[in-house]
Each structure stands twice: as structure tokens, then as C-alpha cells.
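Read the structure below first, then the notes.
The values are calculated or read from the model by the stated rules, or taken from the named source; none is laboratory data. Source: prediction; values computed, not measured. Using ideal geometry, Cβ is built from the backbone for each residue, glycine included, and neighbour counts are taken over all protein chains shown. Note: accessible area is taken over every heavy atom of the protein model, side chains too, but ligands, DNA and RNA are not part of it. Shrake-Rupley method; radii C 1.70, N 1.55, O 1.52, S 1.80 Å.
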Amino acid sequence: MKEAIRLILLYAHLIGFALLLGGAVTQWLTGKFRVNTAMVIGAATQVVTGLALAAPLRGEGHEPPTAKLIVKAVLGILIAGMVIPLRKREEISKGHFLGILGMVLGTAAVAVFWH
Ligand code: HEM
């Protein structure tokens, strides 16, 4: 049962990642720097599913390192703070936008390479 919950959460977590990164890259290719709906939904999904995935769902000795979870929680919440409050802005600065993109790629790298 726990494993089924973990896999459903991980599935949703990867869809959230796709929405956030895909939304940002697509927006970037338009040349207009703003927060779009895919990025907002993705950023919120990452925090909710990520915190749920941080729950002890894997059995003794198989949980991700606590330090990794803390780093990801902080990065995820920072990204959400850079995205969600700016959803109504017509345009945001190029630096802010590329900051979001860089942090999303960085957080994914933490997820994949830190074991
Ligand atoms: C924009 C933010 C985020 C991105 C891009 C991201 C990306 C990813 C990716 C790509 C994976 C799959 C890695 C793999 O299977 O090896 C993953 C897994 C995971 N993420 Fe995130 N994540 C984000 C936010 C968060 C947050 C806020 C947390 C909360 C602590 C979190 C906790 C986890 C956990 C626990 C897993 C492991 C799932 C498992 O294998 O059981 N993530 N994340």
C-alpha cells in the first residue's frame, strides 16, 4: 500500500516537474518573460507532492538522506515563492525568470545525483 502511494506521488511529482520546466522553456521561447499557468501549477505541485514524498514511505534504511530532503524542501518553497506571487504580472525581469529556470534545473539535479 505504502509503495503504491509513493509511486502515485512520484508520478504526480514528475508531472509537476514537466509542467514547471516545460512551461518555463516554452515561455522563454516566446521571448516574453512572464509566469504562465503551467509554471504556477507545476511549482505548487512540486511542493505538495514533494513534502508528501518526504514521508517515511520506503521502509527502514531506504529513506532519502534527511539533508537532501531539507535542501529540496527549501529550494522547492523558494521556487514557489518566485513563481506563484508573480502570476498576475504582465512581465517579469529576465534575471528573475532565468533564476527560476536555473533553480528548477538545480533542484532536479539534486533529486537525481544526490543519493
Ligand atoms: C521544483 C522543485 C522540484 C523538482 C524539479 C524536483 C524534482 C524531482 C525529481 C526529478 C525526482 C525523481 C528523482 C529520481 O527518481 O531519482 C524527485 C524525487 C523526489 N523529490 Fe523532488 N523535486 C522538487 C521539489 C521537491 C520538494 C519541495 C520536495 C520536498 C522535500 C521533494 C522531495 C522529493 C522526494 C522525497 C523524492 C524521491 C521520491 C522517491 O524516489 O521515493 N521534491 N524530485
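Hey, which lysines would be in cross-link range of Lys94, C-alpha to C-alpha under 16 Å, not counting anything within fewer than 8 residues on its own chain?
Within reach: Lys32.
Give the carbon-plus-sulfur fraction of the accessible surface of the chain in %, rounded to a whole number; probe 1.4 Å, heavy atoms of protein chains only.
For the chain, the apolar C and S fraction of the accessible surface comes to 73 percent.
Please report how far the C-alpha centroid of the stretch 54-71 lies from that of the stretch 8-34, rounded to the nearest whole angstrom.
When both Cα centres are located, 25 Å separates them.
When ligands, DNA and RNA are left out and all protein chains stay put, how many square angstrom of accessible area per residue does the stretch 2-113 have with a 1.4 Å probe?
Averaged over the residues of the stretch 2-113, the accessible area is 56 Å².
In square nanometres and to one decimal, what's the mean projected area of the convex hull around the Cα atoms of the chain?
So the Cα hull casts an average projection of 6.9 nm².
Just name one of Leu86, Gly50, Met1: the one whose Cα is farthest towards the positive end of the charge dipole of the chain (beta-carbon charges, Lys/Arg +1, Asp/Glu -1).
Leu86
So what is the calculated 222 nm ellipticity per residue for the chain, using -39500 (n - 2.57) for each DSSP H run with n of 4 or more, over all residues, to the nearest 500 deg cm²/dmol?
-25500 deg cm²/dmol, from helical runs alone.
Which of the lysines could a cross-linker span from Lys2 if the Cα-Cα distance has to be under 27 Å and same-chain partners fewer than 8 positions apart are dropped?
Cross-link targets: Lys68, Lys72.
Chymotrypsin sites (Phe, Trp or Tyr not before Pro), restricted to the stretch 9-115: which are DSSP loop and have at most 16 other Cβ atoms within 10 Å?
Trp114
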